[in-house]
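Okay, structure first, notes after.
Quick note: the coordinates plus some simple rules give every number you see, no bench work behind them. All of these numbers come straight from a predicted model, not from anything done at the bench. All Cβ positions, even for glycine, are placed from backbone atoms using ideal geometry, and neighbour counts span all protein chains on display.
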Amino acid sequence: MAAPDLMLMHPPSVMDFRKRTLLSGPVSDLIPSTPVFEMYPIGFTTIASHLESNGYEVRIANIASRMLASARFDPEKFVRSVDAAVFGIDLHWMPHVQGALELASIVKKHHPDRPVVFGGFSSSYYHEELLRGFPQVDHVLRGDSTESPFEQLIEAIDRETPLENIPNLTWRDGARLVVNPLSHVPENLDDITIDYGLLVRKVLKYRDLTGHLPYADWKSNPMSIAVAVRGCTHNCLNCAGSCDAFARFLNRSRPAYRSPNLLAEDIERAEEYIKGATFVVGDIRQGGKSYASKFLKELKDRHVDNEVILELFTPADRPFAEEVGSSVGRFSIQMSPETHDEQVRKAQGKPYTNAGLEKSIDSFLKAGCGRFDLFYMIGLPQQTMDSVMGTVEYTRRLFEKHPGARLFPFISPLAPFIDPGGNAFEDPRTHGYRLFASSVEDHARLAVMPSWKYVLNYETKWMSRDAITEATYAAGLGLNSIKRDLRLISKDVGDRVEERITRASSLMRKIDAIVARGTATGSDLDKLRDQASQLSECTVCEKEELDWSTNSIYASIPRMVGALLRKR
């Protein structure tokens, strides 16, 4: 089999996580992936779809997922056994920094003449440091839309033509660092392609299901993604996807939207292959009332059967909820109010009231919403331990006001890192933050610390690292107790979660004692490895509470086969 033109590789958070004692804590409890952060970015799919439609061969290799699936999988042996004209590695968010750099080193060791290209938000932010300080990285493609620049780069590498005119590219010319203009910033997303059949075809071609899975649990909880927007109209303090951050280092002054008809078509095409929920990235109201209404009408006309998950960035009124309910057969809502404390929420960049939030919940539940997820965070500006526990108690009020099993509040730490590029990172002192890492090297060093408390790249004026971790475990116990008391979870589940939180808190104290003795790499820490691994997932809730689909991937096989046959 000929080598592909591009091998897109997704690293684990820490390359040798299977050999280290790492108490990751609840850093990934509220996302589909594990603490290894094995979920690769949607950009892998759009880049691969774009290149494949233009005659290039692309393979996706989810190294993190394969390492989780089998203890026998050797990532270095795998890298040695494959080849590609170009290797692409994502450093989209900083939790992958150590794994991405180590994976790049492995690629360079076995394929020294092959270019290694980094991309993603964090790569864009640190593009110059990556090329100055890490010889295993040859190129960085910057920006939120690198599909076309990637094609131009692969063509230039193949033809050995100059790189000066490739937009968004940072590269080396001998010892000289060259930063090409970040000029490819599409005004809309209508040229972006998401080929939902790509994964199926690649699995069959390379006989590698695990390596193409978006995340480890995707087989039992499959989900597709439709991208409504790149960019944002909001300015959350800690977010590298805020409007300030997009303008500052991605050169995007306003969001780019996908046309309502094409967005609806994406969801319809996803349904051809996958029997499961489709998550729409971005609040569809950002594009204006007309945009949202056109999209919902398109969905209604297409009679989509899969569940559609919509995001709300701010409260919505009853007419909008009713419009969603009358347009989509099955839908759910996700919203991140961050805190019940309106003063803290305002400092975080979300100046809306609890009254507005509660009206939204009521409106959507009455409109037929299948579930309404609420995400609360710990580590916010002006937030104290009392404020955190007040948020927990506030959830009891929400449960009592909206009885039933359709409201799902969650709480977790803002971890492991606040995003480079967000306003809190750029000006920490003004916003009450203290940073423990600012460079790529700093973050890579923190990533391998034995406990998630020491991985945190920040603390606040109101809560130290110790206070943030203590509040996280206390909030987890409190919310779990409320759900158990109100019989929203079974006693067995509640008891199991409580035991896990208690054990994780106890283990953290043991690790603290070892670190205090200065033996963080010694045998005492090694003895805790298995226990740390067991307590690093589903810490503050059962992961199943986040599952959207009751169908495994095997329920989608007839759809996949039928869709592939129709495409022939």
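Taking the Cα centre as origin and putting +1 on Lys and Arg beta-carbons and -1 on Asp and Glu beta-carbons, what dipole magnitude results for the chain, to the nearest 20 debye?
Here the chain has a charge dipole of around 820 debye.
Have a look at 141, 91, 101 and report the one farthest towards the positive end of the charge dipole of segment 6-179, computed about the Cα centre with Cβ charges (Lys/Arg +1, Asp/Glu -1).
101
Can you give the relative contact order of segment 216-546 as a percent, counting alpha carbon pairs under 8 Å and 6+ residues apart?
Rounded, it is 13 percent for segment 216-546.
In percent, what relative contact order does segment 309-405 have, based on Cα pairs under 8 Å that are 6 or more apart in sequence?
Rounded, it is 34 percent for segment 309-405.
Could you name the lysines in cross-link range of residue 219, using Cα to Cα under 18 Å and dropping any fewer than eight places away on the same chain?
202, 275, 543
Tell me, what ³J(HN,Hα) does each residue in segment 338-349 have, in order and in whole Hz, if you take phi through Karplus 6.51 cos²θ - 1.76 cosθ + 1.60 with θ = phi - 60° and put x for Gly and Pro?
Listing the rounded values in order: 6, 7, 7, 7, 5, 5, 5, 4, 5, 5, 6, x Hz.
What is the packing order of peptides 343-350, 175-182, taking the mean over residues of other C-beta atoms within 10 Å and listing the highest first?
343-350, 175-182
Percent antiparallel among DSSP beta bridges with both residues in segment 6-179, to the nearest 5?
Percentage antiparallel, nearest 5: 30.
What does the C-alpha gyration tensor say about the overall shape of segment 216-546? Classify as rounded when a/c is under 1.5, otherwise prolate if a/b is larger than b/c, or oblate.
It is prolate, given that a/c is not under 1.5 and a/b is the larger ratio.
Cut-off 14 Å, label point 7 angstrom out along Cα-to-Cβ of residue 389: give me the residues of segment 7-31 whose amide nitrogen falls inside.
No residues fall inside that zone.
What percent do you get for the relative contact order of the chain when only Cα pairs under 8 Å and 6+ apart count? All intermediate terms of the calculation are to be shown ahead of the outcome.
Working: 1079 pairs, mean separation 96.1, N = 568.
Here the relative contact order equals 17 percent.
Please enumerate, by chain and number, the lysines with C-alpha under 26 Å from the C-alpha of residue 289, excluding those fewer than 8 residues away in the same chain.
297, 300, 346, 350, 359, 366
Isolated Cys in the chain by the 4.7 Å beta carbon test?
Taking the Cβ cut-off of 4.7 Å, the unpaired cysteines of the chain are 232, 243, 369, 538, 541.
Counting other beta carbons within 10 Å of each residue's own, what order do 454, 376, 352 fall into, fewest first?
Fewest to most other Cβ atoms nearby, the residues stand as 352, 454, 376.
Going toward the positive end of the dipole of segment 298-452, with +1 on Lys and Arg Cβ and -1 on Asp and Glu Cβ, which of 398, 409, 447 do you reach last?
After comparing all options, I get 398.
For the chain, which DSSP H helices look membrane-span-like by this rule: Cα extent along the axis of 24 Å or more and mean Kyte-Doolittle of at least 1.0?
On the way: long enough: 385-401 (25 Å, -0.50); 465-485 (30 Å, -0.35); 491-516 (37 Å, -0.34).
Long hydrophobic helices here: none detected.
To the nearest 20 debye, what is the magnitude of the charge dipole of segment 216-546 about its Cα centre, counting +1 on the Cβ of each Lys and Arg and -1 on the Cβ of each Asp and Glu?
300
Spin-label point model (7 Å from Cα, Cβ direction): what's the residue 74 to residue 342 distance in nm?
6.2
Per DSSP helix of 4 or more residues, -39500 (n - 2.57); summed, then divided by the residues of the chain. What does that give at 222 nm, rounded to the nearest 500?
-12500 deg cm²/dmol
Net charge near residue 428, counting Lys/Arg +1 and Asp/Glu -1 over other residues with Cβ under 13 Å of its Cβ? Working shown, then result.
Values: positive: 429, 434, 461; negative: 419, 426, 427, 459.
Every neighbour counted, the sum reads -1.
Does segment 100-246 come out rounded, prolate or oblate, given a ≥ b ≥ c as the square roots of the eigenvalues of its C-alpha gyration tensor, rounded meaning a/c under 1.5 and, failing that, prolate meaning a/b above b/c?
Judged from the Cα gyration tensor, segment 100-246 comes out oblate (a/c at least 1.5, b/c at or above a/b).
List the aspartates and glutamates whose Cα sits under 16 Å from the Cα of residue 77, skipping any in the same chain fewer than 8 residues away.
16, 102, 208
Quick check on the chain: of the DSSP beta bridges with both residues there, what percent are antiparallel, nearest 5%? Could you put the intermediate results ahead of the total?
Working: 12 of 53 bridges.
Among the beta bridges of the chain, antiparallel pairing accounts for roughly 25 percent.
With unit charges on the beta carbon (Lys/Arg positive, Asp/Glu negative), name the residue among 540, 211, 377 whose Cα is farthest towards the positive pole of the charge dipole of the chain.
Among 540, 211, 377, the one farthest towards the positive end of the dipole of the chain is 540.
How would you rank 188-194, 300-306, highest first, on the average number of other Cβ atoms within 10 Å across their residues?
Packing order, densest peptide first, comes out as 188-194, 300-306.
Under a point-charge model restricted to the Cβ atoms of Lys and Arg (+1) and Asp and Glu (-1), what is the dipole moment magnitude of segment 106-166 relative to its Cα centre, in debye to the nearest 20?
Details: 6 positive and 11 negative charges, 67 e Å.
Roughly 320 debye, rounded to the nearest 20.
How much length, in nm to one decimal, is gained on full extension between residue 31 and residue 534, taken as 0.36 nm per residue of separation minus their Cα-Cα distance? Before the final figure, lay out each step's value.
Numbers: separation 503, 0.36 × 503 = 181.08 nm, distance 1.77 nm.
Using 0.36 nm per residue and subtracting the Cα-Cα distance, I get 179.3 nm.
Rounded to two decimals, what is the ratio between the C-alpha radius of gyration of segment 6-179 and 2.2 N^0.38 Å? Don't skip to the answer; put the middle values down first.
Details: Rg = 15.7 Å, N = 174, 2.2 N^0.38 = 15.6 Å.
In units of the 2.2 N^0.38 Å rule of thumb, it is 1.00.
For the chain, what is the convex hull (Cα atoms) projected area averaged across all directions, in square nanometres?
Values: hull surface 98.8 nm².
Result: 24.7 nm².
How large is ³J(HN,Hα) for each residue in segment 117-131, as worked out from phi by the Karplus curve 6.51 cos²θ - 1.76 cosθ + 1.60 (θ = phi - 60°), to whole Hz, x for Gly and Pro?
With coefficients 6.51, -1.76 and 1.60, one gets 10, 9, x, x, 4, 5, 4, 5, 5, 9, 4, 6, 5, 4, 7 Hz.
Over all pairs of distinct alpha carbons, what does the Kirkwood formula give as the hydrodynamic radius of segment 335-493, in Å? Walk me through the intermediate numbers first.
Working: mean 1/r = 0.0595 Å⁻¹.
When all Cα pairs of segment 335-493 are included, the Kirkwood radius is 16.8 Å.
Would you mind computing the Rg to Rh ratio of segment 304-354 from its alpha-carbon coordinates, Kirkwood style for Rh? Present the calculation step by step, with values, prior to reporting the outcome.
On the way: Rg = 13.5 Å, Rh = 12.4 Å.
Ratio value, two decimals: 1.08.
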